[in-house]
Amino acid sequence: MENQIAVLAPQSAARAAPELTIVVPTFNERDNIRPLLELIAKALDGDSYEVVFVDDDSRDGTLQELQAVSRTDPLVRYIHRIGRRGLSSAVVEGMLSSSASYLAVIDADLQHDETLLPDMLAVLRGGEADVVVGSRYVEGGGLGEWDGTRRLISRTATRIARLIIRAELTDPMSGFFMLTREAFAGSVRNLSGQGYKILLDVFASHPTTLRLRELPYEFRTRQHGESKLDALVTWEYLMLVADKLFGRFVPVRFLMFMIVGGLGVFVHFAVLTLLLKGVGSEFKAAQTGATVAAMTFNFFLNNLLTYRDRRLKGFWRVFGGLVSFYAVCSLGAIANVGVATVAFKEAFDWRLAALAGVLVGVVWNYAATSLFTWKQKK
Ligand code: GDD
Ligand code: MN
């Protein structure tokens, strides 16, 4: 009996949940996995931690690498997501898979300074803060080898962030931070979960002001692989800010859909003018051409911006989407004219009647295209 206990005790101790989970989002980072693990091991020597990679179906061999290391290293796990993309949502899923008291995020590409991890952990253990952020903008931190444009974008984004957060974050764009499980739990249900800016999202989504500490670090240069931050990541960021600002009143997606529709009116008149004056078409033909052009323009712009997270890709998907968009908008146009005509007969002012028709048409188009054209997966 005694013997058995002696055998079991060290085993169950080895299986105790780690105190810290470090989440590492990855997309095509094969050559960074092992160096990162070595650096973390060196930095956190003696601490109880685990590393959870969240990979969005990389095709460069990252997954093979993750499988190999997690088979031999008990401190490493990974989550493989298929058909999904997104840094923020990857981080959230990694954190949700953990039962540790403290949760951290660090990029896979060695640009963040892992030697900060023990200091972050010490601050949280001491109960002085709910979130500790690695900042490039406090004394001692820096942007490394960033060029002027990238610096400017980062600083502008930081200013905009002030619109939605109360905390004095100098580096709300930082993708390097650690927080308590309570702080995470307090925000997780309200997170937008879109795009890149998970830290900002956590702060903006928490019902109370989180206690913050910032520690400086110098942003390093990427050695392997490439950055996934494209121009449209900036767009997603603006959508996140807009959602936190007005999302309570009107869905940002609906606003966006209306703005795109408004731009479509300009396209309509431009094409109409071109066909009438330039080509010399008849009015009916010109109006038809302009309508098709405007609908096509709206479809592609909505696909790129409004529904960026559900973007249709590949020839047949896009083609099918375009056809369903035409179909929905045609019905929308019929509804628009129908409602406006009835309203006009009911002795409404003609402007009000037209507006009523347009509104019914827009709401129909928005609702129906979100159901049929850009339907949510599952
Ligand atoms: N799972 C997953 N899915 N991971 C992703 C995705 C994705 O769609 N996109 C990027 N990643 C991973 C990358 O593999 C990398 O480990 C990390 O997220 C950061 O991506 P980078 O493409 O290297 O971003 P960056 O260097 O331009 O920007 C980083 O630094 C900025 C400044 O601190 C990010 O951390 C930003 O959040 C941060 O603002
Ligand atoms: Mn990077």
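The values are calculated or read from the model by the stated rules, or taken from the named source; none is laboratory data. Quick caveat, the model's predicted, so the values are computed rather than measured. No Cβ is skipped: glycine too gets one built from the backbone with ideal geometry, and neighbour counts run over all protein chains shown. Surface accessibility is based on the protein's heavy atoms, side chains included, excluding ligands, DNA and RNA. Shrake-Rupley method; radii C 1.70, N 1.55, O 1.52, S 1.80 Å.
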Using a Gaussian network model of the chain with C-alpha springs under 10 Å, which one of 349, 171, 55 is most mobile by mean-square fluctuation? 349
Counting only DSSP beta bridges with both residues in the chain, what percent are antiparallel, rounded to the nearest 5? 25
Dipole of the chain, positive direction: furthest Cα of 329, 79, 97, with charges on the beta-carbon: 329
Carbon plus sulfur fraction of accessible area for the stretch 311-360, probe 1.4 Å, in percent: 76
Hey, in the GNM for the chain with a 10 angstrom Cα cutoff, which one of 90, 368, 16 fluctuates hardest? 16
Treating only Lys and Arg (+1) and Asp and Glu (-1) as charged, each at its beta carbon, one finds that the chain has a dipole about its Cα centre, in Debye to the nearest 20, of 1800
Using a Gaussian network model of the chain whose springs link C-alpha atoms within less than 10 Å, name the residue from 59, 77, 30 with the highest mean-square fluctuation. 59
Compute, for the stretch 151-240, the length of the dipole vector about the Cα centre, with Cβ point charges of +1 (Lys, Arg) and -1 (Asp, Glu) only. Units Debye, rounded to 20. 140
Students often get this wrong, so check it: of 244/375; 244/313; 244/345, which have C-alpha atoms separated by over 30 Å? 244/345
Dipole-positive endmost among 160, 176, 146 within the stretch 145-229 (Cβ charges, Cα centre): 160
Residue span residue 163 to residue 208: 0.36 nm per residue of separation minus Cα-Cα distance leaves a gain in nm of 14.6 nm
Which value at 222 nm does the chain reach when only helices count, each DSSP H run of 4 or more adding -39,500 (n - 2.57), with the total divided by all residues and rounded to the nearest 500 deg cm²/dmol? -17000 deg cm²/dmol
Which of 196, 365, 121 sits closest to the plus end of the dipole of the chain, meaning its Cα is farthest towards the positive end, when Lys and Arg get +1 and Asp and Glu get -1 on the C-beta? 365
Using the per-residue mean of other Cβ atoms lying within 10 Å as a proxy for protection, in what order, highest first, do the peptides 221-228, 158-165 fall? 158-165, 221-228
What is the magnitude of the charge dipole of the stretch 171-302 about its Cα centre, with +1 placed on the Cβ of each Lys and Arg, -1 on the Cβ of each Asp and Glu, and no other charges, expressed in debye to the nearest 20? 220
Rounded FRET efficiency, nearest 0.05, which uses the C-beta distance separating residue 254 from residue 220 and R0 of 41 Å: 0.50
